[in-house]
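Chemist: Structure provided below as structure tokens; questions to follow.
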Amino acid sequence: MLKVDKLVSGYGPMQVLWEPSLNVKKGTITSVLGPNGAGKSTLLWTIFGTVKPWSGKIYFEGRDITFTPPHEKVNMGMTLVPEGKHLFKGMTVYENLIMGAYRKEAEEKLQENLELVYTLFPILKERAQQKAGSLSGGQQQMVTIARALMTNPKFIMLDEPSQGLAPKIVLEVFETIVKLKEEVGLTILLVEQNAEASFDAADYIYVMHEGHFKAEGRPEDIRKSKEVREAYLGI
Amino acid sequence: MVGHQLAGNLIQGLILGAVYGMATMGLSLIFGVLKVVNVGHGAFMMVGAFLALSTFKLLGLPPVLAVPVAFIVGMLLGFIFYRVAIKKLIKGPELSSLLATFAFGIILEEVVKLIYGSEHRGYNWALGKFSLGVTVVPYTKLIAFVGSILVAVLLYVWFNRTKAGKALRSVVEDSEGARVCGINVEWEYALSFAIGLGLTVSSGVLLTLFIPVGINPYMGGHYTLKAFVIAVLGGLESPYGAFFGGLIFGLIENGSYLLFSSFPSLEPFAMTRFFSFVMLLIILLIRPEGLLKTK
Ligand SMILES: Nc1ncnc2c1ncn2[C@@H]1O[C@H](COP(=O)(O)OP(=O)(O)OP(=O)(O)O)[C@@H](O)[C@H]1O
Ligand SMILES: [Mg+2]
């Protein structure tokens, strides 16, 4: 579904991505693991288009989208749940969700997607009229994921969705992600530092370090490799 | 007697204040969305004033009808300036966009001077007056007053009730969040810059109804400074805050004028100016985020 070929990007003069290539198969959860500053977020921002690629190629469903602007990518059915939430804190939960259904195709499916979102996160229905900024960290994370689902995506990128959440909530978030794949049929690219939880959820893993992919494989293989775990994942 | 005079001044202040408020909405909108301080603000108002003059003199168009024309001209200027400079500069340090708007202001002043010369010009649009007992209000000013309120209400409704307005609001709240919803953030920036200048230029049209000495290409600087005071009063980032800031400013300006003119040794016009900026300094020192800011 998504193919990234030798992607290079960075900020100003600083190069962050050093030609990682990756392939996300339709209907799978692909996870990118790596320590702080490895370039995981930069990878997602570059795929999404907020950070401009310097070189390399990005394909989505066979189309070259290397320089497609972000809003058009959302139109194609791709979105991103950014690290650090990026909610509209001053708006209500409901208003946040409606903003997710901004583009026309998503607006047509608004009711359907709203029901889906409320079944996945019943608490959001209860809190619909509350300001998003007043929710707990875990609930805010739910709003960001829910808002992304309101864009009616086929493919969704999640940047450290478990960051800063209590262990019990982390578990719930990962359960939801698996549900998104199995019940909603989404394809997912998941960036995480929480390696153990990702091993359980993901179908395929890439290990990132200093802008390179140092290893890739099925979760059980990565888990087995003492070398990879010690060198890059610190577990 | 003094009470009467004060009431009269405050009514005049409220009327002019509404126009001040509308004249500052664009400044606050641009700052709120783009974090660009439009130092050339007054020059854009001046363009509106000359548009009013020209359409009145050449086409016989009453200034109220020049307001939508000015809005469109302002938006066009906004799109052009955004495309030419602001788009690149918002990614850099704040000083660069500030200097760019300063430069735009000067360019506009010089272009208008080339066309019209630098002497004061005026036009006479009179519709009669009505009396409120304590003061007499020309109908033209009443129109400016109502027009300003109408524009403020329209902007409010647009922002809060329409899909396009909500999209812009979401960009103000969190531009990355807006982007992942499929909103074209670049376009929203361009649009808000254009709407901001549209508001500013059209406020210049209404302002001409309050300037008995006429207009000239360099009239803007004075209003830039006032707009800064008003924007700070209104909480800087909110266009409606700016509108209420304008009302307050109008009241204080006209109210204090009376106060200062009761001292024979003071020149009241200069004193109100002095007073405005003392007020600005005090507000900045005690509430740097602006007076009406709720967050
Ligand atoms: N907006 C930015 N401007 C400049 N440098 C940045 C920016 N964002 C990230 N960087 C730098 O790019 C490098 C990679 O950062 P990135 O955020 O992609 O890492 P990460 O793997 O997501 O880390 P984390 O796990 O902490 O989120 C780091 O050295 C970081 O300091
Ligand atoms: Mg990151």
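Chemist: Quick check on the stretch A:31-70: of everything there that is assigned to a helix (DSSP H, G or I) and away from every other protein chain (no Cβ under 14 Å), which residue is farthest from ligand 1 (Cβ to nearest atom)?
Modeler: A:Leu43
Chemist: Tell me whether the stretch B:222-230 contains one or more residues that are of a type in the set (Lys, Arg) and either over 20 Å from B:Phe31 (Cα atoms) or free of Cβ contacts under 8 Å to residues at least 12 places away in the same chain (or both).
Modeler: Scanning the stretch B:222-230 turns up no residue that is of a type in the set (Lys, Arg) and either over 20 Å from B:Phe31 (Cα atoms) or free of Cβ contacts under 8 Å to residues at least 12 places away in the same chain (or both).
Chemist: While we're on this one: Spot the failing condition for A:Lys85; the list is (1) buried (at least 18 other Cβ atoms within 10 Å of the Cβ); (2) away from ligand 2 (no atom under 16 Å from the Cβ); (3) charged (D, E, K, R), and only one is missed.
Modeler: Of the numbered conditions (1) buried (at least 18 other Cβ atoms within 10 Å of the Cβ); (2) away from ligand 2 (no atom under 16 Å from the Cβ); (3) charged (D, E, K, R), the odd one out for A:Lys85 is (2).
Chemist: Go through (1) away from ligand 2 (no atom under 16 Å from the Cβ); (2) in the same structural domain as A:Lys179 (by TED's automatic domain parsing) one by one and return the number of the condition A:Asn36 breaks.
Modeler: (1)
Chemist: Same structure, new question: Tell me, which residue of the stretch A:74-86 that is more than 8 Å from chain B (Cβ to nearest Cβ) and under 20 Å from A:Asn152 (Cβ atoms) is nearest to ligand 1 (Cβ to nearest atom)?
Modeler: A:Met78
Chemist: Report whether or not A:Gln140 is in the same structural domain as A:Ile98 (by TED's automatic domain parsing) and either within 16 Å of ligand 2 (Cβ to nearest atom) or not in a strand (DSSP E or B) (or both). Outline the logic, then answer.
Modeler: Working: in the same structural domain as A:Ile98 (by TED's automatic domain parsing): yes; either within 16 Å of ligand 2 (Cβ to nearest atom) or not in a strand (DSSP E or B) (or both): yes.
When the stated conditions are applied, A:Gln140 passes them.
Chemist: Inside the stretch B:57-74, can you point out the residues that are closer than 12 Å to B:Phe44 by Cβ and open to solvent by 40 Å² or more (accessible area, probe 1.4 Å)?
Modeler: B:Phe71, B:Val73
Chemist: Collect the residues in the stretch A:163-194 that are within 16 Å of ligand 1 (Cβ to nearest atom) and within 25 Å of A:Lys3 (Cα to Cα), keeping them in residue-number order.
Modeler: Those that are within 16 Å of ligand 1 (Cβ to nearest atom) and within 25 Å of A:Lys3 (Cα to Cα): A:Leu189, A:Leu190, A:Val191, A:Glu192, A:Gln193, A:Asn194.
Chemist: Could you grab the pairs with beta carbons closer than 7 Å, sequence gap of 6+ or different chains, first residue in the stretch A:12-24 and open to solvent by 70 Å² or more (accessible area, probe 1.4 Å), second one basic (Lys, Arg)?
Modeler: A:Glu19/A:Lys6; A:Asn23/A:Lys3
Chemist: Kindly establish whether A:Val16 is away from ligand 2 (no atom under 16 Å from the Cβ), assigned by TED's automatic domain parsing to the domain that holds A:Leu165 and either under 15 Å from B:Gly177 (Cβ atoms) or in a strand (DSSP E or B) (or both).
Modeler: On the way: away from ligand 2 (no atom under 16 Å from the Cβ): no; assigned by TED's automatic domain parsing to the domain that holds A:Leu165: yes; either under 15 Å from B:Gly177 (Cβ atoms) or in a strand (DSSP E or B) (or both): yes.
No; evaluated as a whole, the condition is false for this residue.
Chemist: Could you tell me whether B:Gly182 is within 14 Å of chain A (Cβ to nearest Cβ), free of Cβ contacts under 8 Å to residues at least 40 places away in the same chain and surrounded by 21 or more Cβ atoms within 10 Å (Cβ to Cβ)?
Modeler: Against the criterion (within 14 Å of chain A (Cβ to nearest Cβ), free of Cβ contacts under 8 Å to residues at least 40 places away in the same chain and surrounded by 21 or more Cβ atoms within 10 Å (Cβ to Cβ)), B:Gly182 qualifies.
Chemist: Applying the selection to the stretch A:150-161, what residues are more than 15 Å from A:His86 (Cβ to Cβ) and open to solvent by less than 10 Å² (accessible area, probe 1.4 Å)?
Modeler: A:Phe155
Chemist: Continuing with this model, one more query. From the list B:Leu191, B:Leu207, B:Leu197, B:Leu225, pick out the single residue that is open to solvent by 10 Å² or more (accessible area, probe 1.4 Å) and either closer than 24 Å to B:Val112 by Cβ or not in a helix (DSSP H, G or I) (or both). Spell out how you get there, then give the answer.
Modeler: Numbers: B:Leu191 fails: either closer than 24 Å to B:Val112 by Cβ or not in a helix (DSSP H, G or I) (or both); B:Leu207 fails: open to solvent by 10 Å² or more (accessible area, probe 1.4 Å); B:Leu197 fails: open to solvent by 10 Å² or more (accessible area, probe 1.4 Å).
Being open to solvent by 10 Å² or more (accessible area, probe 1.4 Å) and either closer than 24 Å to B:Val112 by Cβ or not in a helix (DSSP H, G or I) (or both) holds for just one of B:Leu191, B:Leu207, B:Leu197, B:Leu225, which is B:Leu225.
Chemist: When the stretch B:153-168 is examined, which residues are found to be of a type in the set (Ser, Thr, Tyr) and part of a helix (DSSP H, G or I)?
Modeler: The one that is of a type in the set (Ser, Thr, Tyr) and part of a helix (DSSP H, G or I): B:Tyr156.
Chemist: Would you confirm whether any residue within the stretch A:90-97 is assigned to a loop (DSSP other than H, G, I, E, B), at the interface with chain B (Cβ under 8 Å from one of its Cβ atoms), surrounded by 18 or more Cβ atoms within 10 Å (Cβ to Cβ) and not β-branched (Val, Ile, Thr)?
Modeler: Yes, some residue in the stretch A:90-97 is assigned to a loop (DSSP other than H, G, I, E, B), at the interface with chain B (Cβ under 8 Å from one of its Cβ atoms), surrounded by 18 or more Cβ atoms within 10 Å (Cβ to Cβ) and not β-branched (Val, Ile, Thr).
Chemist: Can you pull out the residues in the stretch A:145-175 that are within 16 Å of ligand 2 (Cβ to nearest atom) and part of a loop (DSSP other than H, G, I, E, B)?
Modeler: Matches in the stretch A:145-175: A:Glu160, A:Pro161, A:Ser162, A:Gln163, A:Gly164, A:Leu165.
Chemist: Would you check which residues across the stretch B:144-179 are touching a residue at least 12 places away in the same chain (Cβ under 8 Å) and within 8 Å of another protein chain (Cβ to nearest Cβ) and list them?
Modeler: B:Ala167, B:Ser170
Chemist: Here is a follow-up. Just to be sure, is A:Lys73 away from ligand 2 (no atom under 16 Å from the Cβ), outside any loop (DSSP other than H, G, I, E, B) and touching a helix residue (DSSP H, G or I) at 6+ places or on another chain (Cβ under 7 Å)?
Modeler: Details: away from ligand 2 (no atom under 16 Å from the Cβ): yes; outside any loop (DSSP other than H, G, I, E, B): yes; touching a helix residue (DSSP H, G or I) at 6+ places or on another chain (Cβ under 7 Å): yes.
Yes; evaluated as a whole, the condition is true for this residue.
The values are calculated or read from the model by the stated rules, or taken from the named source; none is laboratory data. Just so it is clear, the structure is predicted and the values come from calculations on it, not from any experiment. Every residue, glycine as well, gets a Cβ built from its backbone with ideal geometry; the counts of neighbours run over all protein chains shown. Protein only, heavy atoms only, side chains kept; ligands, DNA and RNA dropped before computing areas. Shrake-Rupley method; radii C 1.70, N 1.55, O 1.52, S 1.80 Å.
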